[in-house]
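Heads up: the structure comes next, in structure tokens.
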Amino acid sequence: MSTTVTTTRGPVRGERRADGSLRFLGIPYAQPPVGDLRFAAPVPPEPWTEPLDATAYGPTAQRRPFGEIVIIPEPTIPGEGVLNLNVFTPDADPEAALPVLVWIHGGGYVAGSAASPWYDGATFNRDGVIVVSLGYRLGIEGFLHLDDAPDNRGVRDWIAALEWVRDNIAAFGGDPAKVTIAGQSAGGGAVQTLLAVPSAQGLFRGVISVSGAALRPDGPEVARSVSRLLTSRTGIPATAAALRDLGDDEILALQDRLAEEGPDREGVPALLTLAPFADGELIPVPVQEALTAGDAGGDVPLMLGFTEHEFTMIPAPEGLPVPLVLGGLGLDAARIEAFTEAYVAGGEALLFGQALTDATFRAPNLAVADARAARERPTWLYEFAWRSPVMGIAFHCLDLPFAFDVLDAEGVAPVAGETPPRALADAMHRAWVGFVTDQDPGEEWPRYTTDKRTTMVWDAESGTAEDPLSGVRSIWLG
């Protein structure tokens, strides 16, 4: 059965599902970023009068999946109108004023898709929460500094989608004053970035950052270094004029050239080469600095955390000693020894991946939690520690089907086993619903404070612990 809702640009026709909820897929929040708009700031869609069919997912900016690190099934859908979003709602009642969860997918800022079955909003709808998932420009098109185009175009896309939510979500049964933004990996970095963007303030009231990635050196000079590297390796100027007419495969080939190792990479980050950066305007200062030393986000409630072993499955490059890696990540001899002693019991082969895990996820997010706690800002910290029986560790992305309560979805059994713990999904999902609804995950999970550092440890038997990450702090944060 179809249902039509009128947005500020025109009517959209969605479908009612077997459980009674509604979904509206592929709604454009901006014009297709093609031609003169390819590297421009997002522009609102042209109005339409006839109902727009919103019963199938729209095109994705992803043209090639990220790789083996990401286990999430994320379809690639061809088409130009990649700046679209999906709305999952219990019912399109303009008087309902339901809380809203806006989801930003991950994928290293170069891949990912809002069309994943893991991001289906039906279970949140069951619990009285609307879900909006959005697509945005990736890689070169979203994040490469260009001399003749606005910086951080992908970030501008997030803001444009949130403005669409502000202006339209009431027609779908939502309350624009009760919006929580959430994302995982690059999406977790995205929502932390939005905390540091002045023009995004007021578009959301809460933030959930899942495995927010923080490793890339930030700032305009780093961004310019990436652009210079592209030109020196390819001969193509880092300008919108030079890139505008290139095809998808040509853009991907340029991104591959940027990722290659070489002595000319000085000043260029090894990971997350294309990502949001402090441009001095949209993003005034580096996000990590803004969240740990500045006033970014103010008193906006923040739930953040990570899995215990994020990238631990990644083997060390052949011939690269782990102590050298640790030194490159900023550890002195004493801390290298402490790190090795802490993790060598798991096997020396896992030390490299655990170093990436700690440096990219656990330590930076712990620093944010500590800084916010020192300012008495509402913060909840967690670690997902349930170990998959398939791989024996709590790896990157494993927590998502539990938080979304989609254990039966495509792709879950191959990574979580045939019988993942139902109680864990119930508890995690309940905490998310509580946070989105009441800006508090529940009385069984107290805030993170400087005196107790209470942390939720998600496992087959979940519970809070006082400062279980003290070892990570002493090694990486001092």
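Summary of computed values
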{"read-out": "Cβ-based charge dipole, the chain, positive-most Cα from V322, Y448, A56", "value": "A56"}
{"read-out": "Over the stretch 125-207, equivalent-ellipsoid semi-axes from the Cα gyration tensor in Å", "value": "25, 13, 12"}
{"read-out": "Alpha-carbon centroid distance for the pair the stretch 346-417 / the stretch 76-93, whole angstrom", "value": "28"}
{"read-out": "Neighbourhood net charge (14 Å Cβ-Cβ; Lys/Arg +1, Asp/Glu -1) for D440", "value": "+1"}
{"read-out": "For the chain, share of DSSP beta bridges that run antiparallel, in % to the nearest 5", "value": "40"}
{"read-out": "(i) 30.3, 101; (ii) 22.1, 72; (iii) 21.5, 68, with the label sought being that of the calculated Rg and Dmax of the Cα atoms in Å", "value": "(iii)"}
{"read-out": "Per DSSP, loop trypsin sites (Lys or Arg not before Pro) in the stretch 329-378 with at most 13 further Cβ within 10 Å", "value": "R375"}
{"read-out": "Electrostatic dipole magnitude of the stretch 220-265 [Cβ: Lys, Arg +1; Asp, Glu -1; Cα centre; debye, to 20]", "value": "260"}
{"read-out": "Exposure proxy ranking, count of Cβ atoms within 10 Å, fewest first, for K178, K452", "value": "K452, K178"}
{"read-out": "Hypothetical label at A96: residues of the stretch 168-189 whose amide nitrogen lies under 16 Å (7 Å Cα-Cβ projection)", "value": "168-180"}
{"read-out": "Difference of contour (0.36 nm per residue) and Cα-Cα distance, E50 to E289", "value": "81.3 nm"}
{"read-out": "Top positive-direction residue, dipole computed over the stretch 329-411 with Cβ charges, set L366, L407, A345", "value": "L366"}
{"read-out": "Modelled FRET efficiency - R0 51 Å, A345 with E410, Cβ distances, 0.05 increments", "value": "0.90"}
{"read-out": "Contour excess over end-to-end distance, with Cα ends at A18 and R422 and 0.36 nm allotted per residue", "value": "143.2 nm"}
{"read-out": "Convex hull volume per residue in cubic angstrom - Cα atoms of the stretch 220-265", "value": "70"}
{"read-out": "Fully extended contour minus Cα-Cα distance, from D175 to A242, at 0.36 nm per residue", "value": "19.8 nm"}
{"read-out": "Local net charge near E163, Cβ-Cβ under 13 Å (Lys/Arg +1, Asp/Glu -1)", "value": "+1"}
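Bear in mind these aren't lab numbers, they're just calculated from the coordinates by the rules spelled out. Here the structure is a predicted model, which means the values were calculated and not measured. Every residue, glycine among them, receives a Cβ derived from its backbone with ideal geometry; neighbour counts consider all protein chains shown.
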